[in-house]
Amino acid sequence: MIDGVAEYLDVDFDIEHYKKIFDQVASGKIEPNEFGKTPWLSFSLEDSKTGLETEYAKHFEPILETMRTVHPDMQGRSTGFNYAGNTDQELFIHTDIDLDTEHPKAFNLIIPVFGVSVISYYRTLEDEVWLPEKNAHGYAYYHEFNKRNDDDYEAFKKERKIGEIVATRPLLLDTNIMHGGVIIEQPRCAWATRWNNIPKHHDFYSWKDRVERILG
């Protein structure tokens, strides 16, 4: 656990309910999105190529109804199920950013459904990151380290690492800090809600308290 950055939530979710919904969408005919630069798959609210709402939305409504009781605004590209099968390829280190919202804050809720991953965090300096891609709406949506393709990247990662959290139960994450993930128990599936357009007076702990009070 990393205080004020990545912490477990004191909320009990009906994991079988989430698994049932995942099984519905995973067995359907809709093609999932690729999840970043990895073989992970994203069954998300928004199509990563077109920016349009996917057909998953109707399946997700029982979950989304609950999430809206905390906050009505969620980023479609990052809200849904993330799945990784038999792969040990890590989720590349990045931050998530939302440049198309009125308010600046965003926090991610992660609910493990099956399998286990480790989320690691890295010291983030402005001159070591860049905006590599834009989403379907024309906005940059993440940073990554500009040394990602250098020969000394592994040593660089070890030097910059500030901590990690094992995703075995629900988590709240601040994704404005560089972070990456590694699967340690396959296959792995998790539900992610990215609440965004959150007013600036909220910090990690006020949002965590809100989530636990409303969903706990």
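The values are calculated or read from the model by the stated rules, or taken from the named source; none is laboratory data. Being a predicted model, the structure only gives us computed values, none of them experimental. Neighbour counts are summed over all protein chains in view; Cβ atoms, including those assigned to glycine, are modelled from backbone coordinates with ideal geometry.
Being under 23 Å from Glu126 (Cβ atoms) and either modelled with pLDDT of 95 or more or of a type in the set (Ser, Thr, Tyr) (or both) is the filter here; which residues of region 175-198 pass it?
Those that are under 23 Å from Glu126 (Cβ atoms) and either modelled with pLDDT of 95 or more or of a type in the set (Ser, Thr, Tyr) (or both): Thr175, Arg194, Asn196, Ile198.
Only one residue in Thr124, Thr101, Thr66 is touching a residue at least 40 places away in the same chain (Cβ under 8 Å) and over 22 Å from Val5 (Cβ atoms), so which one is that?
Thr66
Just to be sure, is Val166 under 16 Å from the mean Cα position of the chain (by Cα), closer than 30 Å to Thr69 by Cα and in contact (Cβ under 8 Å) with a residue 12 or more places away in the chain?
Criteria met by Val166.
For region 19-68, enumerate the residues that are under 20 Å from Asp100 (Cα atoms) and modelled with pLDDT under 75.
Listed by number, the residues that qualify are Gly36, Ser48, Lys49, Thr50, Gly51.
Among what's in region 69-92 and is in a loop (DSSP other than H, G, I, E, B) and closer than 12 Å to Leu45 by Cα, pick the residue that is modelled with the highest pLDDT.
Checking each candidate, the answer is Thr79.
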